[in-house]
Structures are given as structure tokens and as C-alpha cells.
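Remarks on the structure that follows.
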Amino acid sequence: MSKIVIGYDGSPQAEDAIALGSALAEATGARPAVVAAATWPVYLMGPQDLDRAVHAQLDPVLEVAADRLKGLEPETRAVHSRSVAEELMSSAERDGAAAIVIGSSHRSTAGRIALGSVGTSLVHGAPCAVAVAPRGLAEQDVRLLKIGVAYDGSTEAGGALQTGIEIARRGNATLTVVTVADYSSAYAFSAAWTVYTAAQMKDAETDERQKILDRALDRVPRELPVDGRVLSGSPARILSEVSSEFDLLIMGSRGYGPVGRTFLGSVATHVIHSAGCPVMVLPRGSDSDPFHFKAGDQVAREPAL
């Protein structure tokens, strides 16, 4: 069974993370592991006293989190660490976790995402997917019934698409694949081909994006409800604007950087700082299966002895 690591400190933003983590666990079959980390200086007390103090403060907090996740068999961990982000990444690595789930910064506006220092560290180096809940999500009935995937034809986008397909298929959700035609960047390189007008460059870019989208839609199982859209404009702005239509937007990391780690490009960075729905960014690499869906399907197909 896959695991989802949820960062929790009892704050309203942590409650948002619990709400998203619960919905992801239900949609994927993953088991939640709630991690609360104290970052006190180690010189304040001896190791045994420090351990007792950490549990005395954090165990009651984790009991609240476990109650929120009742029925999902959550694990809870109270730990001392130099940094919350470091502990979440270490926990995810030890567990082989599919995702780390966090809330937004307390400075974010209601219904929107904004990363704090922990989130910024995670999205530039986590060993698994990182999912961020917008502020106030815990006040809603969170169900992942509308899945959006940002798709540009890259290998990383292919991994995002496959994950979106599997989450939608298992949760009886609808899937929307969004491709953005940014003809302004294409037109910037057209000075040497002055025979092309701005309108022709826009048409050419839109046609190319439609072909990319068509290839993506060909990968979606016929029985899954899917909508494909080619939109025009700045990809970062367009994806942020349409994000409010979804219950979860899935994106890939930038196409260069450490393999197996999250590493945001400029578009994903903008989106994850302004989206109107939960956003999940997958680590860089080949077409991924972070929730081990294929392994689960294989177990299901094996005959009982």
C-alpha cells in the first residue's frame, strides 16, 4: 500500500492539509502518515528529556489529526528535527511515499494557494509528489470529482496525465486535459520569417497544441469521461484562472533537474502560488506511477489461493 505523508502542526493550514490528504487517500487507496515535527534547539535539554517534551506537546495534536482521518488507518509520528521540510522529505523517503501533503502559508488568501518556507523547500527537492491545499479547504466538503491535468507533451506531463487518469478512474471522477498555446513566445522567434503574420503564427501554434492534446486524449481509456481544451495565452496565467474549476490540478516538474525529485519551472511556480484548487506536482522522471496503481492492479488480478 502506498503512503501519503501529511505535515501537521494543529494550525488551520494543517487542517487544510488533512482535508486534502484524506481525499487523496480515499481516491488512491494510499495510507496517510501524519508527521508533526518540533524544531527546538537540541541544547535546551538532554535527549531523553527532549523526547518526552516532544511527545508531551505533539501527541495531543496528533490525536486530533488521527480523529480527522478515522477509517483510513492513519499512522502518526511526533519527532524532533532541525527543519520541518527536512523531516517531511526524510519521512517520505523512508516510507517510499507517493506524496507529501501540506497546507498553504498563513499569508495566503482564502481559497488560494501560497507557499511558505516549508512548501518552497519541498517543491524544489522532494523525493515524491507534493500536494498543496488552498487556504480554507478544511471548511469544504472535499471530494476529488473533477481532475485537471496540465499537459504540454513532455515526459513529465505524461506522468501527470497517467496519474490523473488513474485517480479519476478509481474515484469515478471526470478528467480535463488542458494544453495552452502561447503564440506570443512563438511569434518572438519569427523575425527571420517575415512572411508569417501574427495571425498565422497564432494559428500554427494552436494547431501544434491541438495535435499534442489529441495524442494525450488517445491515452485516456474510452470509458473515462474526459474533456480536452486548447487555451491561448500565458500558460501560468491561464492555468491559474481555470484551476478554480477543478478539485485537483496535477502538473509535472520542470524537464531538467534531479531525476526523481520535484523541481518547479516558471509556470508551475506561478500556478502553485496562485491556484484556486489543490495542486499536485509530480517529481521529474519518466512516466511515473507514484501511487503504485499498476502494482495494485496486478495484486487484484492474481487469483486467490
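The values are calculated or read from the model by the stated rules, or taken from the named source; none is laboratory data. Everything numeric in this text was worked out from a predicted model, so none of it was measured. For neighbour counting, all protein chains shown are included, and Cβ atoms are generated from backbone atoms with ideal geometry for every residue, glycine included.
Considered as a group, the residues in the stretch 55-78 that are β-branched (Val, Ile, Thr) and more than 21 Å from ARG94 (Cα to Cα) include one that is surrounded by the most Cβ atoms within 10 Å (Cβ to Cβ), and that residue is VAL61. The selection criterion, being surrounded by 15 or more Cβ atoms within 10 Å (Cβ to Cβ) and modelled with pLDDT of 85 or more, does not hold for LEU264.
Here ASP182 clears all of (1) in contact with a Ser or Thr (Cβ under 7 Å, 6 or more places away or on another chain); (2) modelled with pLDDT of 85 or more; (3) more than 22 Å from HIS292 (Cα to Cα); (4) among the acidic types (Asp, Glu) except the condition numbered (2). The strands (runs of 3 or more DSSP E) found entirely in the stretch 15-107 that carry 3 or more residues being touching a residue at least 24 places away in the same chain (Cβ under 8 Å) and farther than 26 Å from GLY164 by Cβ are 31-38, 75-80. Candidates are the residues of the stretch 243-252 that are crowded, with 20+ Cβ neighbours inside 10 Å and not polar (S, T, N, Q); the one that is farthest from ILE147 (Cα to Cα) is GLY252.
When PRO278, PRO235, PRO290 are checked against the criterion of being modelled with pLDDT of 95 or more, surrounded by 20 or more Cβ atoms within 10 Å (Cβ to Cβ) and assigned by TED's automatic domain parsing to the domain that holds ALA150, a single residue qualifies: PRO278. Taking every residue in the stretch 260-275 that is in the same structural domain as THR155 (by TED's automatic domain parsing) and over 24 Å from ALA97 (Cα atoms) and pairing it with any residue that is basic (Lys, Arg) and at pLDDT 85 or above, at least 6 positions away or on another chain, the pairs with Cβ-Cβ distances below 9 Å are HIS270/ARG237; SER274/ARG237.
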